[in-house]
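Structure record follows, encoded as C-alpha cells.
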There are 2 protein chains.
Amino acid sequence: MKRTSRDIRTANRYEVLRQIIAKSPVSRQELATATGLSLATVATLVGELLDLGMLTEVGFEDSAGGRPRGLLAVDASGGALIGVDIAETYVRVELFDLALNVLARAAEDMRPGESRPEQVVERVASAVEAVVARAGGGAARVLGVGVSVPGQVDRDTGIAEYAPNWDWHDVPLLDLLAERLPHPIHLDNPLRACTVAELWFGAARGRGDAVVVNLGTGVGAGLALGGGLHRGVSNSAGEWGHTTLVLNGRPCHCGNHGCVETYVGAPGIMLNLRESGPDSPLLRPGDQTATIEALARGAAAGDPVAVEVVRDTARYLGAGIAALVNLLNPEVVVLSSWVAAALGEPLLRDVRDAVARHALQRPLAATEIVLSPVPGDPVCLGAATFALEGALDAAGLRPVNGATAGRRSVPAEPLPAEPVTVRPVTVGSTPVEGRTAPLS
Amino acid sequence: MKRTSRDIRTANRYEVLRQIIAKSPVSRQELATATGLSLATVATLVGELLDLGMLTEVGFEDSAGGRPRGLLAVDASGGALIGVDIAETYVRVELFDLALNVLARAAEDMRPGESRPEQVVERVASAVEAVVARAGGGAARVLGVGVSVPGQVDRDTGIAEYAPNWDWHDVPLLDLLAERLPHPIHLDNPLRACTVAELWFGAARGRGDAVVVNLGTGVGAGLALGGGLHRGVSNSAGEWGHTTLVLNGRPCHCGNHGCVETYVGAPGIMLNLRESGPDSPLLRPGDQTATIEALARGAAAGDPVAVEVVRDTARYLGAGIAALVNLLNPEVVVLSSWVAAALGEPLLRDVRDAVARHALQRPLAATEIVLSPVPGDPVCLGAATFALEGALDAAGLRPVNGATAGRRSVPAEPLPAEPVTVRPVTVGSTPVEGRTAPLS
C-alpha cells in the first residue's frame, strides 16, 4: 500500500511525459522546473522515453549566453492508443496518436434493453474495427486499448463486478473482449477514466488535490490526490453517488434511500423535473439524453421550470460537493461527464452558490469549481490514457517494439511483424486544451 | 503540491523511525523488508538518525550462516517530547521519551465559560511546567511541544482561525504560547493529532489508506492516505462533521442544518437521548462528559433507553461512515477520541451493522472498522508526534544538539548550554500497543 521506489519512478515517468505532452516542444531544464524533479532524474526519464520511441528531439533553443538547449516533443507517430467508452446508452471509440490527438472516431447507439455482455462486446469490437480502418496507417501500431465500463470493476482480474443499471454481476468482460480485440486491454470505469483525463490533460493537471465530479446516468467523485489517482485499497474509491444526502429520501437501486445519485444523476434530474413541472414539455419520458438536452435549452432560454430544476439540482449537488470540499480540501473541483457538459454554465453558477452556502470558509476559499475543459469525450480520452500508462508500465525500460502485455493486460495477439509505415490521417482531429494537432 | 524528492526523503525518514519504534530491536534488513525501501536507503536514513542521537546500536543477532546483523533501537534518552491536548473541557499535557513512552502527565479542567485565549494559554503553560517538573531529568532536553487545539488551525502562521465551540476567530495562538513556552511549538488540531497517532502507533500503522473518525464534542474524519496524513491544499482536510446527513435537519453552529456533528457529536448524542428518553436519569444537563459516561454504563447494563440511543447514534454514524467507505475505499476505519472510547464495544457493534446496511459491497468487504487501540490520550500522543516530526524536519541532517526551531516553529529560547544528565523518571508510564516501557 505504501509508495515504493518503483511507484515513485512510475509516477515520475508519467509526470514527465504529461508535461512534454502539455508543453511540446520543451527543454529538459523546463521539465525539471515544471516537475520539481532534478535535472539528472529528468534526463534519465527522457532518455528512457526516447528509447521507447515516444519522444523525438525537435531542435534547439538558445538559452541566454549558455549552450543551446535540446527541445523535446512527443513522437505522435510512435504508436496509437484506443479509448473505449461503454455507457448505458452508447459505445464510443476513439483512436489517438501518442500526443493524444484523435485520429478516428466511431460510435454506436445501444438499443433499450440491449445490455447483455455479449451484445456490448459485439458493439465494442465493431466500433474498434471501424476506427482502425478509418485511421488507416495511423493505427499500424496500437499500443493498447483502454476500456471504460460503468460500475465496479476489478482491473486486475478484468471482471465487471457490478453494473447496477444493467444488473451485471461478475461479468468476465476482459476475457470476452480479449476474444475479439488483438491488443493489450486495460479495463476500468468511467469515473476513473474521467479523473485520469483531467489529471493528464484537464483542470487537474499540475494542480494539487482535485475532485472530479462525474455527472451522468450514474454519479461519482474521482479523486486525484498528490498528483495521482486515488484508487483505494480495492480500486473502488470514488463511489460518491451512494452517499446518503436525504435520510429516508428517494429509493436507490443500491437498496438504500436518499443517495446523491437519486437527486443529481440523469434519472434523478428527470424526477426533479417531474416534481417541479409535471406537465412540462421538457420531459421526454424514457429518454434521459433528450430530457437533459431540452432542460439545457430551456435553462438557457430562461424557461422558469428549467431554471428551477437546474437550481434544485444544483442545491442537492452543492450540499454534496460542499461535503467533499470540507473533507478533502481540494484545490479544484471539476464538473465532468455528459450531464455537466449539457447543463454547462447555468449549472456551474448555481452549484458555486450552493457550495458557498454549505462549505466551511477555509476549504471553500482554497477551492475553485470549474467545468471540465477536456474537449470531446473525456471517458474515451481517459481510457486511452490508461492504455498509455499501461504501455509505459509494460514496456518498463524495454523498447516499445519489444513490448509485451502488461501485468494487467491479457495476452495479446502478436504485433504485426512488419509495422505499416505510420501515415497520420486526421479524422475529426480534436485539439486538446487549445493545442492544434501536430500531426506531421 | 506534488511530492518532491525532499518530501519523499522526509516520508521515508518518518517510516524508518516508525518501524524502529514499533519493532525495536530491529536490523537494517528487517527495516528494508518492512518499509519496502532498499537496504542502501535504509542504511543512509539509519545513519542520519544515529547521528541525530535518536537511535542506539543495541547488539547483534546471528543470521543463518551470514554475518551477525546489527540491531537498532530508539535511544529513549535522546530527548523529550511534549504533547498538549486542548479540549473544550480540559487541557491535558503529557511528556514522552523518544520511544513515545509517557514520563509525566498533567491535566487541568476548564471551567464553563473559561475560553478566552489568555485563559487557555495560562492553563497550558502551568500544565507544561508541571510535567517538566515531574519528569525531572527526563525533561532535560525537550525537542519540541506539539499543541492540539480544536477547530481550523493554520499550522504555518500558528493562527487558530476558527474554533466554533469557543467562538474564536483568528487567534494568534502560537505567538501567545511562545511567550510562555521556551520550546519549539508545533500547532495543529485534534483531528490531525489523532490521525497521526494512529499512523505512527495505532490501527493505521503499516496499513493502506485509513480513516480516523474522531468522536468528541466536535466530529471529524482524519485521512491517512498512502502512508501519510492527507492535509489538503490549505491544511483543513477532514472536516467531516459538517457533512449534511439530514437535509433541513438539526441546526448546526456552522450555520447549516443536518450536519453529521449535530447527531453524533457529544451534544448531538445528548439530543438523541433527550428525544428517546426525555426523563432519563442518564441525562446530565449541561455536562457532556457525565452524560456520555452514564450512557456507556447504561448500555453496558442493558438499559433500554441507553441501548436505543447508542443504536440511533450508530445509525447516523453508520450512514456517514458508509459514505466515507464508498468514497475512499480505505483498509481500516478507526473510531477514536473520548466519545468512542467511552461508548466502546456496543457502539462499535452497532456501527458495523449500520455501515454494512449502507455501504457498497466491494469497498465494505475491503474495510475493517475498529476502536482505536492507542492507549491513553491519542491527541497528546499525536501532538507529541508532530513535535517529533518537527524535530526530524528541523534537524534535517544536522545533529539534534545543534537543532534550531523548524520552519513552522517559533524562535525558541536557547537550549540549556549544559544539558542535565537524562535520568528517566516513570510517572504513569504508558505502554504503547502492549510494549512495556523500555526506560533504562
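Within segment B:41-53, the set of residues being in contact with a helix residue (DSSP H, G or I) (Cβ under 9 Å, 6 or more places away or on another chain), open to solvent by 30 Å² or more (accessible area, probe 1.4 Å) and within 14 Å of another protein chain (Cβ to nearest Cβ) comprises just one member, B:THR41. Of all the criteria given as (1) modelled with pLDDT of 90 or more; (2) more than 12 Å from the chain's Cα centre (by Cα); (3) within 12 Å of another protein chain (Cβ to nearest Cβ), the one not satisfied by A:ARG207 is (1).
Is it true that B:GLU129 is assigned to a loop (DSSP other than H, G, I, E, B) and either open to solvent by 30 Å² or more (accessible area, probe 1.4 Å) or without any contact (Cβ under 8 Å) to a residue 24 or more places away in the chain (or both)? No. If the condition is being open to solvent by less than 30 Å² (accessible area, probe 1.4 Å) and out of contact with any His (no Cβ under 9 Å at 6 or more places or on another chain), then segment B:351-365 contributes B:VAL351, B:ALA354, B:VAL355, B:PRO363. When every residue of segment B:115-123 is checked against the conditions, none turns out to be open to solvent by 10 Å² or more (accessible area, probe 1.4 Å), closer than 28 Å to B:LYS23 by Cβ and either in contact with a strand residue (DSSP E or B) (Cβ under 9 Å, 6 or more places away or on another chain) or not in a loop (DSSP other than H, G, I, E, B) (or both).
Considering segment A:152-165 alone, what residues qualify as being in contact (Cβ under 8 Å) with a residue 60 or more places away in the chain, within 14 Å of chain B (Cβ to nearest Cβ) and open to solvent by 10 Å² or more (accessible area, probe 1.4 Å)? Outline the logic, then answer.
Filtering segment A:152-165 down to residues in contact (Cβ under 8 Å) with a residue 60 or more places away in the chain leaves A:152-156, A:158, A:164-165.
Then keep just the ones that are within 14 Å of chain B (Cβ to nearest Cβ); that gives A:152-156, A:164.
A:GLN152, A:ASP154, A:ARG155, A:ASP156, A:PRO164, listed by residue number.
Remark: A:VAL351 falls outside the filter, which requires a residue to be at pLDDT 95 or above and within 11 Å of chain B (Cβ to nearest Cβ). Looking at (1) more than 10 Å from every other protein chain (Cβ to nearest Cβ); (2) surrounded by fewer than 24 Cβ atoms within 10 Å (Cβ to Cβ); (3) in contact with a helix residue (DSSP H, G or I) (Cβ under 6 Å, 6 or more places away or on another chain), which is the one condition that is false for B:SER234? Among (1) more than 10 Å from every other protein chain (Cβ to nearest Cβ); (2) surrounded by fewer than 24 Cβ atoms within 10 Å (Cβ to Cβ); (3) in contact with a helix residue (DSSP H, G or I) (Cβ under 6 Å, 6 or more places away or on another chain), the lone unmet condition for B:SER234 is (1).
Within segment B:366-376, being buried (at least 17 other Cβ atoms within 10 Å of the Cβ) and within 14 Å of chain A (Cβ to nearest Cβ) holds for B:ALA366, B:THR367, B:ILE369. The condition of being within 14 Å of the chain's Cα centre (by Cα), at negative phi, surrounded by fewer than 24 Cβ atoms within 10 Å (Cβ to Cβ) and not assigned by TED's automatic domain parsing to the domain that holds B:ARG123 holds for only one of B:GLY249, B:GLY220, B:GLY228, that being B:GLY228.
Yes/no matrix, rows are residues, columns are (1) open to solvent by less than 20 Å² (accessible area, probe 1.4 Å); (2) within 10 Å of chain A (Cβ to nearest Cβ); (3) more than 10 Å from the chain's Cα centre (by Cα):
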position: B:PRO190; (1), (2), (3): no, no, no
position: B:ALA193; (1), (2), (3): yes, no, no
position: B:VAL196; (1), (2), (3): yes, no, no
position: B:TRP200; (1), (2), (3): yes, no, no
position: B:LEU215; (1), (2), (3): yes, no, yes
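Within segment A:102-109, does at least one residue satisfy the condition of being at pLDDT below 90 and either under 18 Å from the mean Cα position of the chain (by Cα) or not hydroxyl-bearing (Ser, Thr, Tyr) (or both)?
Going residue by residue through segment A:102-109, those that are at pLDDT below 90 are A:109.
Narrowing further to those that are either under 18 Å from the mean Cα position of the chain (by Cα) or not hydroxyl-bearing (Ser, Thr, Tyr) (or both): A:109.
Yes: one or more hits.
Please state which of the following conditions A:ASP62 fails to meet, knowing it meets all the rest: (1) modelled with pLDDT of 85 or more; (2) open to solvent by 40 Å² or more (accessible area, probe 1.4 Å); (3) over 17 Å from the mean Cα position of the chain (by Cα). Checking A:ASP62 against (1) modelled with pLDDT of 85 or more; (2) open to solvent by 40 Å² or more (accessible area, probe 1.4 Å); (3) over 17 Å from the mean Cα position of the chain (by Cα), the one that fails is (1).
Considering only strands (runs of 3 or more DSSP E) fully contained in segment A:166-273, which possess at least 2 residues that are in contact (Cβ under 8 Å) with a residue 60 or more places away in the chain? Give the derivation first.
Values: elements: A:168-171, A:185-188, A:210-215, A:219-225.
Counting at least 2 such residues, we get A:185-188, A:210-215, A:219-225.
Note on segment B:370-393: residues that are touching a residue at least 60 places away in the same chain (Cβ under 8 Å) and under 30 Å from B:LEU347 (Cα atoms) total 15. Taking the criterion of being within 14 Å of chain B (Cβ to nearest Cβ), open to solvent by 10 Å² or more (accessible area, probe 1.4 Å) and at pLDDT 85 or above, the residues of segment A:23-36 that qualify are A:ALA32, A:THR33, A:ALA34. Whether a residue is more than 13 Å from chain B (Cβ to nearest Cβ) and assigned to a strand (DSSP E or B) was assessed, and A:LEU283 does not pass this test. Checking each residue of segment B:134-148 against the condition of being assigned to a helix (DSSP H, G or I) and open to solvent by 30 Å² or more (accessible area, probe 1.4 Å) gives at least one match. Selection of segment B:321-355 for residues being farther than 22 Å from B:THR195 by Cα and in contact with a Gly (Cβ under 8 Å, 6 or more places away or on another chain) yields B:ASP350, B:ASP353, B:ALA354.
If a residue has to be assigned to a helix (DSSP H, G or I) and buried (at least 21 other Cβ atoms within 10 Å of the Cβ) to count, how many in segment B:311-339 make the cut?
Selection size over segment B:311-339: 17.
Look at A:GLY258 and say whether it is open to solvent by 20 Å² or more (accessible area, probe 1.4 Å) and within 14 Å of chain B (Cβ to nearest Cβ). Taking the combined requirement at face value, the residue does not satisfy it.
The values are calculated or read from the model by the stated rules, or taken from the named source; none is laboratory data. All values reported here derive from a predicted model rather than from experimental measurement. Ideal geometry is used to build each Cβ from the backbone, glycine not excepted, and the neighbour counts take in all protein chains shown. Just so you know, the surface numbers come from the protein's heavy atoms only, side chains and all, with ligands and any DNA or RNA stripped out. Shrake-Rupley method; radii C 1.70, N 1.55, O 1.52, S 1.80 Å.
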